[in-house]
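FYI, it's all coordinate maths here, none of it is from the lab. Remember, predicted model here, so these are calculated numbers, not experimental data. All Cβ positions, even for glycine, are placed from backbone atoms using ideal geometry, and neighbour counts span all protein chains on display.
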Amino acid sequence: MNIIKFSAQFPVEKSCIEHFKAQRDACGVVCPKWGCVHPYWLQNKLCYECKQCHHRQSLRSGTVLENSKLPFMYWYAAMHLLTSTKKSYSAAELQRQLGHKRYQPIWEMVCKLRDVMGKRYNLYQLTDEVELDNAFIATLIAEEEKDKPLKRGIGSQRQPKAVVVNESSFVENPKPGKKPKRVNHLKMLVIEDLRADTISKTVNEHVNPKAELTTNDATPYSKLFEQVKSHHAQAIKKEDLPKTLPWVNIAIGNVKRLLLDVHHQLTNEYLQYYLNEFCYKFNRRYFGDA
Ligand SMILES: [Zn+2]
């Protein structure tokens, strides 16, 4: 949706509330106390009241807007800005765009939105041809870590690790200069360490057992054949990466550039949120306005 259509559809707080209520009604509103359905709608209190037990729940409860005092319009504008642009927005930039005095509530809103962007895709297991690699993403050191000695190399606090997996399928007769594979879904998951157990657990959760997996032949990947239909582990030279693991490498390069561009004050703690946003947009790149 472009900015003109967005402003036409959501010009004021009321239009956002009406749209939000329609979405909740479509999902079916259930009383959290006894599971009763079809509650009354109390327009002046913006809440539902159960016809049987009279329990009340606000329009926001049970949604990403729960416990937020920010106007619906802020949430809608933030959702629009975060999802309609190829780049990203920092919370400070959103705060400026919304003209809000305090930074903290805006920051919390953006974190919650990025969190749900990830939840949306956590349910989905990648299948078909799956490429897997890991990435080191440079971040700032969090306040509480600052006194600890800085470790170097792989264990460094400034280099959190992420597993990057994508689902792809081979293209029959690719055109010259085009990639041999077409990419479907992408996931980026922050992990504690690069131990074989950690990687296996991640693959178990996010990759379907019917998948055919390609990785390099690093030790942490040595047990993955137990979890998928087939596992091609091969020594991959750096110059061959675009051929063997084309899409994970493009994705890793792009996300690093984006984080450097927009969120250069990033700490480890929030890295997963930014990866969520990146994957959310990537996975919906052909959805157009939807
Ligand atoms: Zn009830």
For the chain, the longest principal axis of the Cα atoms and the Cα long axis of helix 246-262 enclose an angle in degrees, to the nearest 10, of 50 degrees
A correct Karplus calculation of ³J(HN,Hα) over region 229-238, with 6.51 cos²θ - 1.76 cosθ + 1.60, θ = phi - 60°, whole Hz and x for Gly and Pro, returns 4, 8, 10, 9, 9, 9, 5, 10, 6, 3
Taking R0 as 22 Å and r as the Cβ-Cβ distance between R96 and M1, the FRET efficiency 1/(1 + (r/R0)^6), rounded to the nearest 0.05, comes to 0.55
Ranked by GNM mean-square fluctuation in the chain (Cα springs under 10 Å), the top entry among P176, P209, P11 is P176
Each label sits 7 Å from Cα toward the beta-carbon; between A196 and K51 the label points are separated, in nm, by 6.0 nm
Computed Rg/Rh for region 3-121 (Cα atoms; Rh = Kirkwood radius) stands at 1.00
A chain fully extended from K178 to A218 at 0.36 nm per residue, minus the present Cα-Cα distance, gains in nm 11.6 nm
Computed over the chain: longest principal axis from alpha-carbon atoms vs helix 13-27 long axis, angle to nearest 10 degrees, is 70 degrees
Per the 1/(1 + (r/R0)^6) rule, R0 = 41 Å and r from the Cβ atoms of Y40 and Y103, FRET efficiency to 0.05 is 0.60
Rg (one decimal) and Dmax (whole number) from the Cα set of region 166-290, in Å, equal 15.6, 44
For region 1-118, averaging the sequence separation of alpha carbon pairs under 8 Å that lie six or more residues apart and dividing by its residue count, the contact order in percent is 18 percent
Nearest 10, in degrees from 0 to 90: the angle of helix 72-84 to the longest Cα principal axis of the chain is 20 degrees
